[in-house]
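Colleague: Here it is, the structure, as structure tokens.
The values are calculated or read from the model by the stated rules, or taken from the named source; none is laboratory data. Keep in mind that this is a model prediction, so the values were computed, not measured. Reconstructed Cβ throughout: ideal geometry from the backbone, glycine too, with neighbour counts over all protein chains shown. Each accessible area value is taken on the protein alone, full model and side chains, heavy atoms only, with ligands, DNA and RNA left out. Shrake-Rupley method; radii C 1.70, N 1.55, O 1.52, S 1.80 Å.
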Amino acid sequence: MTTDFAATRAFFDLPEGLVYLDGNSLGPLPKAAAERVRRTIEEEWGALLIGGWNKAGWMDLPRRVGDRIARLIGAAPGTVVMGDTLSIKVYQALASALELRPGRRVILSDTGNFPSDLYIADGLVRTLGAGYELRTVAPEAVEGAIGPDVAVLMLTEVDYRTGRRHDMGALTAKAHAAGALTVWDLAHSAGALPVDLAGTGADFAVGCSYKYLNSGPGGPAFIYVAPAHAEAARPALSGWLGHEAPFAFDLDYRPGRGIERMRVGTPPILQLAALDAAMDVWDIADIADVRARSVELTQAFIAGVEAACPDLVLASPRDPALRGSQVSFRHPEGYAIMQALIARGVVGDFRAPDILRFGFTPLYVGMAEVERAVAVLAEVMAGRLWDRAEHRARAAVT
């Protein structure tokens, strides 16, 4: 399949004239999502009431949508399920992986990981006590830090600040050689670049759906468990929908079969409906094409910015093979610069302490948007248009 990017762009409801380079934080609204959610509200919830769980297939939605995501991340059907938040899925994966490696006490991660993942890991080791430890090293030092005491290697494949990309295959192989398991966070990978969980032998993976998968704010997360662990992994969060027979209402917990045991509570049906509609774009888009176009766009953006804005310093790897689908630049006034850009219709975001972050989603971003973004950024920098009080005032979300 050759992807028609004009057709994928038409799939989304984007404000006229806006250059949206923040889909790596929150994807735009798919046109079909509003109608799908309306139907779910009016024709299913409204007309069927509680009957929607059976008659509208609500109970199966987490698994069915999980299978649609599985195609994008190199996972077999029946190995991915939706539900809850990414932080909860990180906790589930970590706790299960630690229990599969008794006698080891170290979770190894890197200092570039998303803080929430590290907070979850830190909370888990404090709860466990007994010598459990979260150990962090610089991203480039991870491979050398994988030793015989490591139980779990927990990494985000694509760094949220810089876009730096870990080598999933090499690091998973190194972890397995040392007797450790892996937990991969795909928040900035799923829907942005090809992922091969089965081929690399990854043990667990998690990810959110509101970035490159466009499920909307607060959309549900997913979790993957490799088939080799599916019947052995015990979920630390033993929710009723992860029970072998939820409606038997037994007082004793018995884990469900395979990935079903990683379900926790009642699934968010309205958000799953929006995500299911959003996934339709992948019926006409090929992830390899998306990745190839992403490389073209990001390379052009880097070249344009470096030629026009010498005060900005590239924070992302220059080699596209070593980064995801975002480009970051550093500047001491990064926040104000980004606000000036947003005021002029070019939307990226800021990450402390000094990162201007731009996401490139070829499903709706093309070369015209790249050229416009470079031109506006050059105007902002050349005229110091960022040096205004209104651009320095920090909002709650940056």
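Colleague: Before rounding to the nearest 500, sum -39500 (n - 2.57) across all DSSP H runs of length at least 4 in the chain and divide by the residue total; then give [θ] at 222 nm in deg cm²/dmol.
Modeller: On the way: 14 runs with 137 residues, N = 398.
Calculated from helices alone, the mean residue ellipticity at 222 nm is -10000 deg cm²/dmol.
Colleague: Work from the charge dipole of the range 240-398 (Cβ charges, +1 for Lys and Arg, -1 for Asp and Glu, about the Cα centre) and give the residue of Gly383, Val305, Tyr253 farthest towards its positive end.
Modeller: So the residue we want is Gly383.
Colleague: Hand me the GluC sites (Glu not before Pro) from the range 223-272 located in a DSSP loop with no more than 13 other Cβ atoms within 10 Å, in residue order please. Please list the in-between numbers first.
Modeller: Values: sites: Glu231, Glu244, Glu260; in loops: Glu231, Glu244.
Answer by residue number: Glu231, Glu244.
Colleague: Same structure again: Decide, for the range 9-75, between rounded, prolate and oblate: order the square roots of the alpha carbon gyration tensor eigenvalues as a ≥ b ≥ c, take rounded if a/c falls under 1.5, and otherwise choose prolate if a/b is larger than b/c, else oblate.
Modeller: On the way: a/c = 3.54, a/b = 1.48, b/c = 2.40.
Judged from the Cα gyration tensor, the range 9-75 comes out oblate (a/c at least 1.5, b/c at or above a/b).
Colleague: Below 8 Å, C-alpha to C-alpha, sequence gap of six or more: please give me the relative contact order for the chain in percent.
Modeller: Relative contact order, the chain: 22 percent.
Colleague: Can you tell me the length gained on complete extension of the stretch Leu251 to His229, counting 0.36 nm per residue apart and subtracting the Cα distance?
Modeller: Gain in length upon complete extension: 5.4 nm.
Colleague: Do any trypsin sites (Lys or Arg not before Pro) in the range 117-188 lie in a DSSP loop with no more than 11 other beta carbon atoms within 10 Å, and if so, which?
Modeller: Loop-located and lightly packed - none at all.
Colleague: What do you get for the angle between helix 61-70 and the principal long axis of the chain? Use alpha-carbon atoms, 0 to 90 degrees, nearest ten.
Modeller: Once rounded, the angle reads 60 degrees.
Colleague: Only one of the values [x] 34; [y] 43; [z] 29 was calculated from this structure for percent of Cα pairs over 35 Å apart; name its label.
Modeller: Calculated percent of Cα pairs over 35 Å apart: the matching label is [z].
Colleague: Ignoring ligands, DNA and RNA, what percent of the 1.4 Å accessible area of the range 134-192 is carbon and sulfur?
Modeller: 52
Colleague: Cα axis of helix 168-177 to longest principal axis of the chain: angle in degrees, 0 to 90, nearest 10?
Modeller: 40
Colleague: Could I ask something else about it? If you fit an axis through the alpha-carbon atoms of helix 367-382 and take the longest principal axis of the Cα set of the chain, what angle between them do you get, 0 to 90°, nearest 10?
Modeller: The two axes meet at around 60 degrees.
Colleague: Subtract the Cα-Cα distance of Val313 and Arg101 from 0.36 nm times their separation in residues, and report this length gain in nm to one decimal.
Modeller: Net length gain for the segment: 72.1 nm.
Colleague: Considering only the other residues whose Cβ falls under 11 Å of the Cβ of Ala70, what net charge follows from Lys and Arg at +1 and Asp and Glu at -1?
Modeller: Cβ neighbours under 11 Å give a net charge of +3.
Colleague: Work out, step by step, the length gained on full extension between Glu371 and Ala343: first 0.36 nm times the residue separation, then minus their alpha carbon distance; give nm to one decimal.
Modeller: Stretched fully, the Glu371-Ala343 segment lengthens by 8.3 nm.
Colleague: At Glu306 and Lys55, where each label point lies 7 Å from the Cα along Cα→Cβ, what is the point-to-point distance in nanometres?
Modeller: Result for the modelled spin labels: 6.1 nm.
Colleague: Among Asp319, Asp286, Asp159, which one shows the biggest mean-square fluctuation in a GNM of the chain, springs joining Cα atoms closer than 10 Å?
Modeller: Highest fluctuation among the options: Asp319.
Colleague: Of the residues Asp387, Asp252, Asp149, which exhibits the maximal mean-square fluctuation in a Gaussian network model of the chain defined by a 10 Å Cα contact cut-off?
Modeller: Asp252
Colleague: Normalized C-alpha radius of gyration of the range 281-331, against 2.2 N^0.38 Å?
Modeller: It is 1.31.
Colleague: On to the next question. Do any trypsin sites (Lys or Arg not before Pro) in the range 1-91 lie in a loop, going by DSSP, with at most 16 other beta-carbon atoms within 10 Å of their beta carbon, and if so which?
Modeller: In loop regions of the range 1-91 (DSSP not H, G, I, E or B), the sparsely surrounded trypsin sites (Lys or Arg not before Pro) are Arg71.
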